[in-house]
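The values are calculated or read from the model by the stated rules, or taken from the named source; none is laboratory data. Everything numeric here is computed off the predicted structure, so don't read it as measured data. So basically every Cβ, Gly included, is an ideal-geometry build from the backbone, and we count neighbours across all protein chains shown. Side chains included, ligands, DNA and RNA excluded: accessible areas come from the protein's heavy atoms. Shrake-Rupley method; radii C 1.70, N 1.55, O 1.52, S 1.80 Å.
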4 protein chains.
Amino acid sequence: MKGKHYHLRQSLYHVLFDQRTRSGRRSEVLWGLLALLSVITVFIESSIGSQVTFTPTQWRLFIAIEIGFTLVFTVEYLLRVLTWPQPVRYVFSFWGFIDLATILPLYVLWLWPELAIHYFFAWRAMRAIRVLRILKLLRLMPALNSLWRAVVNARHQLILFYAFIAIVLVTAGAMMYGIEGAVNGFTSLGVSVYWAVVTVATVGYGDITPHTPLGRLVASLLILIGYSVIAIPTGILTAQMTAELQRKRLERKCPHCHQQDHEPNAHFCKSCGAKLPGIGEK
Amino acid sequence: MKGKHYHLRQSLYHVLFDQRTRSGRRSEVLWGLLALLSVITVFIESSIGSQVTFTPTQWRLFIAIEIGFTLVFTVEYLLRVLTWPQPVRYVFSFWGFIDLATILPLYVLWLWPELAIHYFFAWRAMRAIRVLRILKLLRLMPALNSLWRAVVNARHQLILFYAFIAIVLVTAGAMMYGIEGAVNGFTSLGVSVYWAVVTVATVGYGDITPHTPLGRLVASLLILIGYSVIAIPTGILTAQMTAELQRKRLERKCPHCHQQDHEPNAHFCKSCGAKLPGIGEK
Amino acid sequence: MKGKHYHLRQSLYHVLFDQRTRSGRRSEVLWGLLALLSVITVFIESSIGSQVTFTPTQWRLFIAIEIGFTLVFTVEYLLRVLTWPQPVRYVFSFWGFIDLATILPLYVLWLWPELAIHYFFAWRAMRAIRVLRILKLLRLMPALNSLWRAVVNARHQLILFYAFIAIVLVTAGAMMYGIEGAVNGFTSLGVSVYWAVVTVATVGYGDITPHTPLGRLVASLLILIGYSVIAIPTGILTAQMTAELQRKRLERKCPHCHQQDHEPNAHFCKSCGAKLPGIGEK
Amino acid sequence: MKGKHYHLRQSLYHVLFDQRTRSGRRSEVLWGLLALLSVITVFIESSIGSQVTFTPTQWRLFIAIEIGFTLVFTVEYLLRVLTWPQPVRYVFSFWGFIDLATILPLYVLWLWPELAIHYFFAWRAMRAIRVLRILKLLRLMPALNSLWRAVVNARHQLILFYAFIAIVLVTAGAMMYGIEGAVNGFTSLGVSVYWAVVTVATVGYGDITPHTPLGRLVASLLILIGYSVIAIPTGILTAQMTAELQRKRLERKCPHCHQQDHEPNAHFCKSCGAKLPGIGEK
C-alpha cells in the first residue's frame, strides 16, 4: 500500500516538475495554457466592466468561470505541495507563494462575504491578484536562469550602482524641492525624488515639471549627466548576459565527438553531424 | 507563338525582379519612385484636407491623380503576378499582399459606392491603406536581408525576452491597477498594461500617471528595474547585426586574388587592386 | 601629556577614516546609518507636512529630533576636522563642505531667528540642505573610485562631446525659437534650449511642444539625429568603466601563487586555493 | 609692394587658420570667445525681453552691443575671405556661410527698415540667426573630425537604416491615422508621422496620444518593436567611432622609438620616455 502511494507520488512528481520527460513538458505547457487562459478571462472581464455595468447573467458567467479556474488551480497547488519531496519548503518557496496567492481571493470572499460590501476595492484587488497567475508561465522559461545567474553574478556591482543612482536621485530631488517648492508641483521631498526618477530615466510624464529658470537649468544639467550614469547598470547586465550565453555555448558539447562552441541555432554537430543537445541541456 | 510568349514573360521577369541586371535595377528604382510620389501626394492631400475643405476642382484633381496611380499600380501588380514563375505563390506572398492591398481601396469604393456615405471613415481608411505603398520601397533595400537574418537567427532569444517583458508588464500593470484604480486613470487592466508599456519603454506620455504615494513608489522601482531589462533585446539584436555584418565582410572575396576582410567602403582590393563586388553581391 | 593626545588623535583617525581596520569599517557603517536615519526622518517630516499642518506636539518632536541629529553630526564634524592630519585642508575638501553644510541650517536659524518669519522658504531650504547628508553614504562606496577614475581618464573626450552636444542644443533651440515663437510656448531662447535638452535626451515632458507643421518637421529631424549623438558620452563612459574594471581584475593577485585574472565573485585563488583579497584591496 | 601684400596675406592666413602655430591657436580661441560672448548677450537680451518690455536706454544698449559685434564679425569675415587662397571657395563653404549669415541680419534691417514694422517676427528671426555664431566654436574642436569621419565611413549603413526607420514610421503613422482619426488628435497623416517619431524615439510629449483600445494596442507593439530598431544607428555610429579612435591611437607613434598604441592620456612614450605628439597631430 505504502509502495503504491510512494510510486504514485514519485510519478506525479515527474509529471509535474521534471521537464526532462515528455509528459513533464506536456503537463508544464498545459498548466501554462490554463494560467494564460485564466488571465485572458480576467482581462476581458476588466475591459468589459470598465465600460458597461454587468447584467446579472454576465455576472453569473464570470463568477462561474472564476470558480472553475480557482478549483483547477487549487488541485494544481495541492498536487504540487504533496508530491514535492519537502512539502513545507514548497509552501514557502517563490512558486508556492504564487500558486497559493492566486487562488486565495475567492476563498477569502467566500469566508468573509462582508468584504463584498467594500465592493470596488475587494473586486479590484482580487482581479489584480488573479493576474499574477501569469507568473506561472515563467516555469516554461528555463533559459531565464541565465538572466538570473547574470544578475546574481553582477549583484555587487548592481547594488553599488543602484545605491549610487539612489543617492544621486535623492540629492537631485532635494535640490529641485529647494528651488521650485510646492507652488510648482514639488509638494514634498518624496514627490521630488519621484520627479527625479521619472526625469533621469527619461520617462518624462510631464505631471511635475520645473517652471523657474534656475529649476530648468538644474533639470537640464541633471538630464545630461544622469542620462550617462543611469545606463551603466544596463551595460553591466548586458555584459554579464553575454558572458553567460558565451559560457553556455562553450558548455554545449557534441555528445559524439566532444566538439564545443556550436552556433546557438545549430541542431547538428558541425564536425561529425551528430544531433546536438538543446542549449542549457546536458 | 508559345515560345514568343515564354520569352516575353522571361524577359519581363528579369526586368521586374532581377536586380542583378541594369534594366532590372532601373525598373526597381522607377517603381520605387512612383510609390514614393504616390505617397507624397496622399500626404499633401491629407495635410490640405485637415485644414480647409476641398473645392470641387481640388477634389476632382486628387480623385484623378488617385485613379491614375491606381491604374499604374494595377498594371504593376498584374505584370508581377503573371511573370512570376508560380503566380499563385506571388499572390499569397508579402509583396503580393502589399501590391494588392494598396490598389484595392478605389475599386472597393467604385463597386460599393454606398461606403462613400460613411464618408469620413472610408476616406480615412483608404488614405491609410494607400500609404502602405511606401513599403514597396523596401524592395530597393536588399541589405535589409542581414537585419532580417539577424532577427531570424536570434528569434529564440528575442521571443524569450519579449515573452519575459510581456509577463513583467502584465504583472506591473496589474499591481498598479490594484494600487491606483479607476479614479486615477487606471480604468481597466488593459489600460494599466498600456501604461506599463509606455512607462518601461520610457516613452512616458503622461496621459495616465500614478497619483498615490504607494503608486509612485512602485512606479519608480518599476522604471529603474525595467529600464535595465527592456534594453536586452536591443543588445541581442545589435550583437547579431554586428556578427552578420562581420560575416558579410568576410564573405566578400576579391575575385582576383581571393583576399577577404575588406573595409565596407573599399571599392578595390587592398592586395591586388582589382575591383571588388558590392557588399551582399557575389 | 602630549604623547597621550597624539595617540588619542592617531587612534581616532584610524577609527574615523581608515577602512582597512575593523573598527574603522564599523564606525563608517555607523555614521552612514545615522545619516540615512536622519534623511529618512526629513522625508517623513516633509511627507506629513505636505498633507496636514503639524500639531504643536508633532512640531516639538521633529524639532527635538533635528536638534539631536545636528548635535551628533556636529560632533562628527569636529572629530573629523581635528583628527585629520591637516585640519584646514579637510575643511575645504568635498567631505568637509558636506559635513559642515548639513549642520549649518539649524545654527543659522538659531542665530538669526528673523529668518523664521520667511517661514516657508527657510524651512524648505533647510530641509533640502539636510537631505544632502545622504552624500555621506558615498564614503561607504570606495568602489566608486573606479567610476571616478573612468570619468577622469575620459575627461577630454567627455568635455569635447558635451561641448558639441551643447552647441547642437543651442543651435536647435535657436531654430525652434525662430520657427515657433512665444505664442507656441518658446518664450525665450533659454526656454527653447531647455526644450531642446528635454527633447534630445528623450525625456519629453510635453510642457513645451511644437505646434506649427515646420516646427514639428524640424523637431522630428532633431529627435532622430540627436538620439544617435547623445548616446556617445554614455558609450565612452561605459567603455572606460569596462577597461577600468578589467584593469582592477588583473591587479587582483593571489597573495600565495601570484595568479591574476580571478572572477569578480571568486573568494579563493583558482590555482592554489588561498584566500583572495577583496576587489580594490591590496 | 606686391610681395609685402603677399606676405601680409600669408601671415594673416597662418594666424587665422593654421592651428599648428601658437598665434593661430590664440586667434582661434579669441574669435571663439567673442562668438561665445555674443551668443551669451543674445541669450540675456532674449531672457529679459521675455519678461519685461525694454526701456529706451536698455534698448539702445543692446542695439549698440549688437552693432559692435556685427562690425567685429564683419572684419573677421572679410579677413577670412581675403586671406584664404581661393576666396570664392571660402564664401561657398560651410564656414563662409555661417560667418556671412550671422552678420547679415543687422545689415538687412539697416537697408530695409520696413521690416521693423513686422517687429516681432524680424526681431525673433534676427535673434535666432545671431545664435548660429555658436557654430563658430566648432572650429576649436578638430577632434570632431573623427566623429565626422565615422559618419562618412558608415554613411551607407546610416542612410539605409534611417530610410528603413522612415518607412517604418510612415507605415506606423498611417495605421494610427486610420485607427484613431482626427477626433483623437491624429488630424492628418503628417501629424500621425510626427506622433510616430515622438513615440518610437521614446520622447513621448503626450500632446497626441492614442485613446481607442485598438490604437493603444498597436501603439504598445510599435513601442516595443521600434525601441529595438531605432537604437541600431546609434550602435553603428558608436562602433565606427570606437574603430576610428582605435585607429587614431595606433597612428600615434613615438617620434623617438616608434612605439605605437599609447594610452589616450599619455604624454610621454612608455618605452623610451620621449614626449608624445597630441592625438590627431603628426
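For C:M175, B:M176, give me the order by solvent-accessible area with a 1.4 Å probe, most accessible first, ignoring ligands, DNA and RNA.
Details: C:M175 90, B:M176 0 Å².
Ranking C:M175, B:M176 by accessible area, largest first, yields C:M175, B:M176.
Gyration tensor analysis over the Cα atoms of region A:31-72 returns equivalent ellipsoid semi-axes of 20, 13, 5 Å (largest first, whole Å). Pairing chain B with chain A buries about 3500 Å² of accessible area. This figure sums both sides and uses a 1.4 Å probe.
In the calculated pair distance distribution of the protein assembly as shown, what percentage of Cα-Cα distances lie above 52 Å? Present the calculation step by step, with values, prior to reporting the outcome.
Details: 213694 of 635628 pairs.
In whole percent, the long-distance tail amounts to 34.
Remark: accessible surface ordering of C:R9, B:R124 (largest first) is C:R9, B:R124, probe radius 1.4 Å.
Once all protein chains are placed together, B:F69 keeps about 30 Å² accessible to a 1.4 angstrom probe.
Considering only the other residues whose Cβ falls under 12 Å of the Cβ of B:T187, what net charge follows from Lys and Arg at +1 and Asp and Glu at -1? Intermediate results must be reported in sequence, preceding the final value.
Values: positive: A:R124, D:R216; negative: B:E180, B:D207.
Net charge in that neighbourhood comes out at 0.
Mean partner shielding of peptide A:22-34, defined as the number of other chain Cβ atoms within 10 Å of each residue Cβ, is 0.
Only helical runs count toward this figure. For the protein assembly as shown, summing -39,500 (n - 2.57) over DSSP H runs of n ≥ 4 and dividing by all residues gives -22500 deg cm²/dmol at 222 nm. Around D:V42, what is the net charge, scoring Lys/Arg as +1 and Asp/Glu as -1 over all other residues with Cβ under 9 Å from its Cβ? That works out to +1. For the peptides A:47-57, C:77-87, C:163-173, the ranking by packing is C:163-173, C:77-87, A:47-57, with the highest mean count of neighbouring Cβ atoms within 10 Å listed first.
Under the convention that each Lys and Arg Cβ holds +1 and each Asp and Glu Cβ holds -1, the size of the dipole of the protein assembly as shown around its Cα centre is about 4120 debye.
Per-residue Karplus couplings for region C:138-147, computed as 6.51 cos²θ - 1.76 cosθ + 1.60 with θ equal to phi - 60°, are listed in order as 4, 4, 7, 10, x, 5, 5, 3, 5, 4 Hz, Gly and Pro entered as x.
Which listed residue (A:I67, B:Q19, A:Q51) has the Cα farthest towards the positive end of the charge dipole for the protein assembly as shown, taking +1 on Lys and Arg C-beta and -1 on Asp and Glu C-beta about the Cα centre? The listed residue farthest towards the positive side: B:Q19.
Take the solvent-accessible surface of the protein heavy atoms, probe 1.4 Å, and return the percent of it on the protein assembly as shown that carbon and sulfur atoms account for. Provide the component values of the computation, followed by the final result.
Details: 41910 of 59600 Å².
Carbon and sulfur: 70 percent of the exposed surface of the protein assembly as shown.
Dipole of region C:121-227 computed with +1 at Lys/Arg Cβ and -1 at Asp/Glu Cβ about the Cα centre; of C:M176, C:T199, C:A163, farthest Cα towards the positive end is C:A163. Using heavy atoms of the protein chains and a probe of 1.4 Å, the accessible area assigned to C:K275 is about 130 Å².
Looking at the protein assembly as shown, the accessible area is 53 square angstrom per residue; that uses a 1.4 Å probe and ignores ligands, DNA and RNA. If you take all other residues with their beta carbon under 12 Å from the beta carbon of C:D99, and give Lys and Arg +1 and Asp and Glu -1, the sum is +3. Of C:K253/C:K275; B:K253/B:K275; A:K253/A:K275; D:K4/D:K136, which sit over 19 Å apart, Cα to Cα? Correct reply: D:K4/D:K136. Overall form of chain A: oblate. Here a/c, set by the Cα gyration tensor axes a ≥ b ≥ c, is 1.5 or more, and a/b is not larger than b/c. For C:I223, C:I44, the ranking by accessible surface with the largest value first comes to C:I44, C:I223, using a 1.4 Å probe. Ranking D:L140, D:F121, A:F268 by how far each Cα lies toward the positive end of the dipole of the protein assembly as shown (charges on Cβ) leaves A:F268 at the top.
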